[in-house]
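Engineer: Quick one: the structure is below, and I'll ask about it shortly.
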Amino acid sequence: MLVNSLIMKIDVKFSKHFVNEVKDTIRAKRSLTSSEIFVHVDQQHDEEDDWERAEIVFDALHVEQTALRNAVLLYVSIQDKSLFILGDTGVNETVSEDFFEPAKSTIINYFKLAQFGPGIIAGVNQLAEDLAEVFPALEADIEREPSVTIED
């Protein structure tokens with residue numbers, strides 16, 4: 001889902017500490033849901049279309065390799081001021097079209113205040129809580145290392 005936000009042209013640098021903080025947030029939320037959440041932030045990219053880029057990242061991160069096909073990618077393009085939340089087939093076949101709206105709104109509200117790191121973390125928290133309602137945690141979940149990638 002594309003979100004046109006009010007981000008001005010900026011150069012946001014995310015630290016290793018931030019990446020670890022997002023991974024810790026994802027780990028903490030694993031007890032709520034069987035879904036996995038992937039995060040990718042692009043400062044800039046060569047693709048003309050953000051949707052195309054988000055799909056490339058989705059494939060590159062192997063988001064579709066979860067047992068229940070219920071993983072989600074939170075993709076942010078700083079350069080193009082866009083945000084996509086892509087669900088794998090198990091998510092898309094189960095939830096409504098507006099399912100990601102609460103997470104999207106949460107992120108945008110932070111981004112409007114130029115709080116990009118906290119916005120992404122708040123978005124991960126919201127996604128996990130919303131996914132938990134549809135995909136509660138299972139005892140047999142196989143956990144992969146959280147995927148958080150930042151590209152300059």
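The values are calculated or read from the model by the stated rules, or taken from the named source; none is laboratory data. The structure displayed is predicted, hence computed values, not measured ones. Every residue, glycine among them, receives a Cβ derived from its backbone with ideal geometry; neighbour counts consider all protein chains shown. Accessible surface is based on the protein model in full, side chains and every heavy atom, while ligands, DNA and RNA are left aside. Shrake-Rupley method; radii C 1.70, N 1.55, O 1.52, S 1.80 Å.
Engineer: Taking region 13-37, which residues are in a helix (DSSP H, G or I) and in contact with a Pro (Cβ under 7 Å, 6 or more places away or on another chain)?
Structural biologist: 23, 26, 27
Engineer: What pairs can you find where one residue is in region 96-113 and farther than 15 Å from residue 125 by Cα, the other is open to solvent by 30 Å² or more (accessible area, probe 1.4 Å) and at pLDDT below 95, and their Cβ atoms are less than 9 Å apart, with a gap of 6+ or different chains?
Structural biologist: The qualifying pairs are 97/1; 98/1; 111/6; 111/81; 112/6.
Engineer: With respect to the numbered conditions (1) without any contact (Cβ under 8 Å) to a residue 60 or more places away in the chain; (2) closer than 18 Å to residue 32 by Cβ, which one is the sole condition not fulfilled by residue 89?
Structural biologist: (2) is the only condition that residue 89 fails.
Engineer: Same structure again: Taking interchain pairs and intrachain pairs at least six residues apart, which have beta carbon atoms under 7 angstrom, with the first residue in region 44-70 and under 15 Å from residue 81 (Cα atoms) and of a type in the set (A, V, I, L, M, F, W, C) and the second in a loop (DSSP other than H, G, I, E, B) and open to solvent by 30 Å² or more (accessible area, probe 1.4 Å)?
Structural biologist: Cβ pairs passing all conditions: 51/2.
Engineer: Out of the residues in region 25-63 that are surrounded by 13 or more Cβ atoms within 10 Å (Cβ to Cβ) and of a type in the set (Asp, Glu), state the one that is farthest from the chain's Cα centre (by Cα).
Structural biologist: Checking each candidate, the answer is 47.
Engineer: Turning to a different aspect of this structure: Which of (1) in contact with a His (Cβ under 6 Å, 6 or more places away or on another chain); (2) on the phi > 0 side of the Ramachandran plot does residue 114 not meet, given it meets every other one?
Structural biologist: Of the numbered conditions (1) in contact with a His (Cβ under 6 Å, 6 or more places away or on another chain); (2) on the phi > 0 side of the Ramachandran plot, the odd one out for residue 114 is (1).
Engineer: Cβ-Cβ under 6 Å, sequence separation 6+ or interchain: first residue in region 13-33 and touching a residue at least 12 places away in the same chain (Cβ under 8 Å), partner open to solvent by 40 Å² or more (accessible area, probe 1.4 Å) and among the β-branched types (Val, Ile, Thr). Which pairs?
Structural biologist: 14/150
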